[in-house]
């Protein structure tokens, strides 16, 4: 149990994203990988709020390395999925936590140096928001059937706060000052006018406990009384409100000492126990919202079972992008990575689903590491500690090296970073060089990755590479290289992956028909 106090210099900070602390608790995925697996497309589907999208990009680019952190997050998400009231409360209170975060990011320190009444009123507002959020979240956690370690620790910490005698006195103290400030509902004013009906001064002012009818708002008075002239576009100082300003300050000033005393009395409170939750709550609430969207589309999701050795055993995988793009028929595939089956050479027709399969595997591994549910029927094992990708890039980015030179530079960096905990997704690598050169380069690349023990999907049109698998399986390295293809039946794509050698003639026929260049099609041109 975490012991939480209100001491300013001994504040408990709960990390709801990581169970265990440490310097190396996550790996930051490269921008290239995030782009290639289309993670931004998933994030954009999760929320339309730009600030929340930025927070999600930051969190989801950092994949935890400790399986305990993955399970820790899973349990929190499961609690939110099972307790609608808790989800609704946290979503509602998120905006007020953001207000507290604003104060903590500099506004509060500025006000602390500013000893004016306005500054004290701002601090009073912060304190009021803090009390409300603490009580609201604690009640929601107490009323919910929570099981996650993260939320149980948070509930214990909040309980220590709400049961503290000092905290119990905060609310009535705030209410007393608020009631005192609210006693004045309006003001009766004596105004001296010149012969030209100009306001000369305010000779008398009396605050009353009823609301006279007025064309002015309290905001007009508080901001120095700048009103827009209806006959032009500039603002001018309204003489009545200018004259009233000293009287307003004098009235409020009567409460200056009282407010300052209250702030000093409760200066030990620390809103960081709430503001530290903000980014994590943005992540969890949007993940749960994503789950609700997928459920509404009758799309199956499951929490992966994180256990055992490196690798993943996946059943019924589908790429979430198909749902985002409102694909009518979604085909599921099985896939396995283990110590004996690490490298796959993937071939198949254009638009047969090869890239979608690769991206789906990358997204599944990332979502598993993040503690999220995944778009599959089942999955067990340990996700990869790193994901590297080599997809085609914009031709404008190859100006310095040329396409093949650019590929060589990127591949060298991939090989340098690769190890036996890395998944590498290649998409049409070496496709711009000759078939003979591509075969030579691909074999050398796969040979070094086989020795390193990396997990690889090599999506290619180099069918001769698959034919060389018997030779490649004699190389050093414990795992086998396997040929898989995107299946075709009756010259039509099924989008199912199967273990087989490439059917070159079938692919060529499919492409020719797609672009209208079979003999029969060209004869009618």
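Read the figures in this text as sums done on the coordinates, not as results from a lab. Quantities reported herein were computed from a predicted structural model and do not represent experimental measurements. All Cβ positions, glycine included, derive from the backbone under ideal geometry; neighbour counts span all protein chains shown.
May I ask you to list the residues of the range 49-77 whose amide nitrogen lies under 20 Å from a point 7 Å from Cα along the Cα→beta-carbon direction of residue 145? Label zone hits: 74-77. Kirkwood-type hydrodynamic radius, the range 442-498: 12.6 Å, calculated from all non-identical alpha-carbon pairs.
If one computes P(r) from the Cα atoms of the range 298-523, what percent of pairs lie at distances over 21 Å? Beyond 21 Å sits 58 percent of the P(r) for the range 298-523. FRET efficiency for the pair residue 125 and residue 62, taken as 1/(1 + (r/R0)^6) with r the Cβ-Cβ distance and R0 = 45 Å, rounds to 0.85.
Once the Cα-Cα distance is subtracted from the 0.36 nm per residue extended length, the residue 334 to residue 31 segment shows a gain of 106.3 nm. Relative to the current alpha-carbon distance between residue 408 and residue 447, full extension at 0.36 nm per residue lengthens the span by 12.5 nm. Full extension of the segment from residue 159 to residue 309, taken as 0.36 nm per residue of separation minus the current Cα-Cα distance, would add 50.1 nm. Here the range 300-374 is treated as a sphere whose radius is the Kirkwood value from Cα pairs; by Stokes-Einstein at 10 °C and 1.306 mPa s it diffuses with a coefficient of 118 µm²/s. Taken along the Cα-to-beta-carbon direction at a fixed 7 Å, the label points for residue 292 and residue 525 span 5.5 nm.
Secondary structure note: in the range 298-523, about 40% of the DSSP beta bridges are antiparallel.
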